[in-house]
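Single-structure report; data block below.
Nothing in this text is a laboratory measurement; each read-out follows from the coordinates by a stated rule. Small disclaimer: the values here were computed from a predicted structure and weren't measured. FYI the Cβ positions are ideal-geometry reconstructions off the backbone, even for glycines, and counts take in every protein chain you see.
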Amino acid sequence: MTKIEHRAVIKFLCKEGAKAKEIHQRIVGVYGDGAPHYSTVAKWYSEFKCGCEPLEDDPWSGHPADMVAPETITQVEALIMQDRRIKTDTIVTELGISHGSVLKIIHDHLGMSKVSTRWEPRNLSAQDRHQQVELSHKLLEIFYADQANFLAHVLTGDEMWIHHWDPETKQESMQWKHQASPPPKKFCSQPSAGKVMASIFWD
């Protein structure tokens, strides 16, 4: 069986909706040692899934590198919109296309990139923000009324919860051992439920 015939079978089964692993198993079941390697099946499965039609090698030499089937782009975008933290491995598994194709679709066709969530110290409601604005205006009024003694009327404070005890950290539990010795075990524990509020003020 020629490689063109192999590709024709892969393309046909791909159109039927079979996955690359299933296609390879079916070809091996029929042709045995004459079947192509799984990596070859997976490569052409990915190409056909992305919209490739030719079976020959030569036409691919001038084939645009960014040619991707519109329906594949739509499928990738739908998966991302369902879960914006989805991993590329999951998309590869779901759609049966290569990592390179997934990254090309995400970056070149969808214009998307993965970024970390920006850390915010507080999640303030609209009422909280309004209250902070009012307090700022009051402080400005006090400042303009008596600029020389303004700081004498200001107290700075902070508060924090202090647990009765905190669990030992992984860094604190490190210990020396021989190469043949088993690694020490440490069970997960939580801070104590009992805690007190510590309030500190500076004049």
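Of note:
- Cross-link table 15/114; 11/87; 3/49; 87/185; 49/104, entries beyond 21 Å C-alpha to C-alpha: 15/114; 11/87; 87/185
- Label-point separation in nm, residue 94 to residue 185, each point 7 Å along Cα→Cβ: 3.8 nm
- Inter-label distance for residue 158 and residue 141, nm, one decimal - labels placed 7 Å from Cα along Cα-to-Cβ: 3.0 nm
- Measuring r between the beta carbons of residue 124 and residue 166 and using R0 = 25 Å, the FRET efficiency lands at 0.35.
- Using the Cβ-Cβ distance between residue 8 and residue 71 with R0 set to 25 Å, the FRET efficiency works out to roughly 0.70.
- Mean Cα-pair separation over length for the stretch 3-109, i.e. relative contact order, pairs under 8 Å, 6 or more apart, %: 25 percent
- Coarse-grained scattering of the stretch 3-109 at q = 0.09, 0.21 Å⁻¹, given as base-10 log I(q)/I(0) from a Debye sum over alpha-carbon atoms: -0.24, -1.12
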